[in-house]
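Read through the structure below, which is laid out as structure tokens, and then see the notes.
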Amino acid sequence: MLQLNTIRENREAVIAGLERKYFKDATVTVDKVLDLDKQRRQTQQELDGALAQANGLAKQIGQLMKEGKKEEAEVAKAQTAELKTRSKTLEEDLKVLENEQNALLVLLPNLPHQSVPPGRTPEENVEFYAWGEKPTLPQNAKPHWELIEEKNIIDFKLGTKITGAGFPVYKGKGARLQRAMIQFFLDEANKAGYLEVQPPILINAESGFGTGQLPDKEGQMYHATADDLYLIPTAEVPITNLYRDVIVAENELPVKMAGYTPCFRREAGSWGAHVRGLNRLHQFDKIEIVQIRKPAESYGALEEMAEHVKGLLQKLELHFRIIRLCGGDMGFASALTYDFEVWSGAQARWLECSSVSNFETFQANRLKLRYKNPETGKTELLHTLNGSALALPRIVAAMLENNQQPDGSIKIPQVLVPYCGFDSI
RNA sequence: GGAGAGAUGGGUGAGUGGCUGAAACCAGCAGUUUGCUAAACUGCCGUACUGGAAACGGUACCGAGGGUUCGAAUCCCUCUCCCUCCGCCA
């Protein structure tokens, strides 16, 4: 959530930022917020004045009673009646204004960083780094959805029976490969100084609000209505929320956490022709890294996280590129996002496998995640960041397709062999 | 699921209607003293909104939401959470 102060003091810049994110009616909405803000403050002043008077009278009455001046006390009591009705009305007005203002604020996305390229669609994202080369596949190369069936390692039909479409069952070497990758990614995160955490995978509405999934992406999450809990779409939500309502001691910064969880996405309405196989699932596994940083350090941390993800893909020997998302393609809460895409040889296209973002104070403002700045002595919002390191299914898809051998076997990257205990499928 | 107990500032913990935004202690910060460290002493030490250039004010907050009262941390109601015992159980 944007801070009111920011909007008050930088109206034009805020509007411009919202427009770069293609937020509809930016000017109208911002001005409406500012107008409500003015009304709200005025109402609060009136209310505070009325309450201050009432408090003064109450004190007098207490004094008079003590002194036995009963009649004078009664007179003062009569005066409070009018103040009471007035403050009640003002209180209601204030609540209405606050609610209206909040309802608008909550809908405003984060402002993009200066380096975010202009543009509205994925075509306008900017590639700025690439590693490796497109692999030369054997003549009889197949897409991963054929390979997994042929090798009997991932079974979509069984998943459909148990749950529904998009819930694959991993079997044999397929299951062992999943486990190996999870372990590998977590080990790498530990080596990079991240504290490993295992959070709940059901979250309450407050947590969903804290990181910005609610109310923006309500329809994307599975909702267990009996208990009003949501299945997490990413470990970002429970892990970042560990620091909700926290004033972090300066010597505990930076906070770096990593965790593995299954992730659940309804992906309502997004099923189409090129979401076959592992390209898009309702349930998948992901290792997430999260950092909490002082504002001045957060963009350095973003680069550090990107380096970490690069390292993982290089160790897995996968051809990949990094793109800077354009304003229109970026997420609601993000100020700057790098997407990592692996090359999927048999599909001959890029697959997103990681997204690393700096949210600046956007989440921290919702989370009330702060620290005491020793320079100013003030309590100030921190910056939050997160990234996938990595999401499994598309890595598996790329690995299976790119590593096909002429004899029909699939080579496992060297770094994973000790983890899974086999070197080919 | 049954029975009981509780929720106060970073921590421990006082506080049953006005003198309490909140004692005391610990931790923390600044200083005095001091070969160094330690100890001792003095002061400061919650959050949010809001007025003000600032100094300095106003309001709200003692789990959450309602209520009683001129006045509520304190009384009443509802909810949430936590703890203990019992039952069930991976």
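Remark: spin-label model distance A:GLN220-A:VAL197 equals 2.0 nm, labels positioned 7 Å along the Cα→Cβ axis. Antiparallel beta bridges, as assigned by DSSP with both residues in chain A, represent about 95 percent of the total such bridges. Averaged over its residues, chain A has an accessible area of 48 Å² per residue, based on protein heavy atoms and a 1.4 Å probe. Between A:THR27 and A:ARG349, the FRET efficiency estimated from the beta carbon spacing at R0 = 41 angstrom works out to 0.60.
In this label model, A:ASN99 and A:GLU19 are separated by 3.4 nm, measuring between points 7 Å along each Cα→Cβ vector. The charge dipole of chain A, taken about the Cα centre with unit charges on the Cβ atoms of Lys, Arg (+1) and Asp, Glu (-1), comes to about 540 debye, rounded to the nearest 20.
So what's the net charge close to A:CYS263: Lys and Arg +1, Asp and Glu -1, counting the other residues with Cβ under 10 Å from its Cβ?
Result for the neighbourhood of A:CYS263: -1.
The share of accessible area on chain A that comes from carbon and sulfur is 50 percent, using a 1.4 angstrom probe.
Take the alpha carbon atoms of segment A:381-425, find their center, do the same for segment A:74-150, and report the distance between the two centers in whole angstrom. So the two Cα centres are separated by 31 Å.
Normalised by the number of residues in chain A, the average gap of Cα pairs under 8 Å and 6 or more apart makes the relative contact order 20 percent. Using the Cα gyration tensor of segment A:153-235, with a ≥ b ≥ c the square roots of its eigenvalues, what is the shape: rounded (a/c below 1.5), prolate (a/b larger than b/c) or oblate (neither)? Oblate, because a/c is 1.5 or more while a/b does not exceed b/c. Stretching A:ASP227 away from A:GLU124 to a fully extended chain increases their span by 32.9 nm, per 0.36 nm per residue minus the current alpha-carbon distance. Please state the shape class of segment A:214-371: rounded when a/c is under 1.5, otherwise prolate if a/b exceeds b/c and oblate if not, all from the C-alpha gyration tensor. Oblate, since a/c reaches 1.5 and b/c is not below a/b. If the chain linking A:ALA296 and A:GLN79 were pulled fully straight, counting 0.36 nm for each residue of separation and taking away their Cα-Cα distance, it would gain 72.7 nm. For A:ALA78, the shell of other residues with beta-carbons less than 14 Å away shows a net charge of -1, using +1 for Lys and Arg and -1 for Asp and Glu. For A:GLN63 and A:ARG266, the difference between the fully extended length at 0.36 nm per residue and the C-alpha to C-alpha distance is 66.7 nm. Between the residues A:ASN358, A:LEU94, A:PHE320, the greatest Cα displacement towards the positive end of the dipole of chain A, with unit charges on the Cβ of Lys, Arg, Asp and Glu, is found for A:PHE320. FRET efficiency for the A:LYS161 to A:ASN373 pair, using the beta carbon distance and R₀ = 51 Å, is estimated at 0.35.
Only one residue of A:MET65, A:ASN5, A:PHE23 has its Cα farthest out toward the positive end of the dipole of segment A:4-105, where Lys and Arg carry +1 and Asp and Glu -1 on Cβ, and that residue is A:MET65.
Between A:ILE182, A:ALA249, A:ASN386, the Cα set farthest toward the positive side of the dipole of chain A (charges on each charged residue's Cβ, about the Cα centre) is that of A:ILE182.
The values are calculated or read from the model by the stated rules, or taken from the named source; none is laboratory data. On a predicted model such as this, the values are computed, not experimentally measured, just so you know. Cβ coordinates were reconstructed from backbone atoms using ideal geometry, including for glycine residues, and neighbour counts include every protein chain displayed. Heads up: the accessible areas ignore ligands, DNA and RNA and are worked out on the full protein's heavy atoms, side chains in. Shrake-Rupley method; radii C 1.70, N 1.55, O 1.52, S 1.80 Å.
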